[in-house]
Amino acid sequence: MSDPIEAAIFEKLAKADPKGVGGKSIEPSDVAKALQPEQWQRMLPKVKATALHLMRQGKLTITKKGKAVDPNDFKGVTRLRLPTPEETAAALAALPPKADEDED
């Protein structure tokens, strides 16, 4: 994991949810503040974009009022947590199929 934002998200989640069961959540602003304490507001859009990317891969769940959001249609105050197995399966099923590479 070479992306410092991804690393910070999963580090914060590991502290909040040490058993990794997807129960505890964190605020995106906490991640931004850990990365750039003085100018965390500038970092926040990057944290949210990275979280969205991770959600589409099934590695993270973005929630609003405790419920998972639709990654294609949400706004407002959100939180981040580890996904349940069902959420991971749904995210992976929503990915477009990989094109078969020709071995010619």
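The values are calculated or read from the model by the stated rules, or taken from the named source; none is laboratory data. Treat the numbers as computed from the prediction; the structure is a model and nothing was measured. Note that we place each Cβ from the backbone using ideal geometry, even for glycine, and neighbour counts take in every protein chain shown. In case anyone asks, the SASA skips ligands and DNA or RNA and just uses the protein heavy atoms, side chains included. Shrake-Rupley method; radii C 1.70, N 1.55, O 1.52, S 1.80 Å.
Quick notes on this structure:
- Helices (runs of 4 or more DSSP H) lying entirely in the stretch 24-104 (those with 3 or more residues that are open to solvent by less than 40 Å² (accessible area, probe 1.4 Å) and modelled with pLDDT of 90 or more): 28-35, 40-56
- Among the residues making up the stretch 45-87, those that are out of contact with any helix residue (DSSP H, G or I) (no Cβ under 8 Å at 6 or more places or on another chain) and under 22 Å from S2 (Cβ atoms) are P45, A49, L52, H53.
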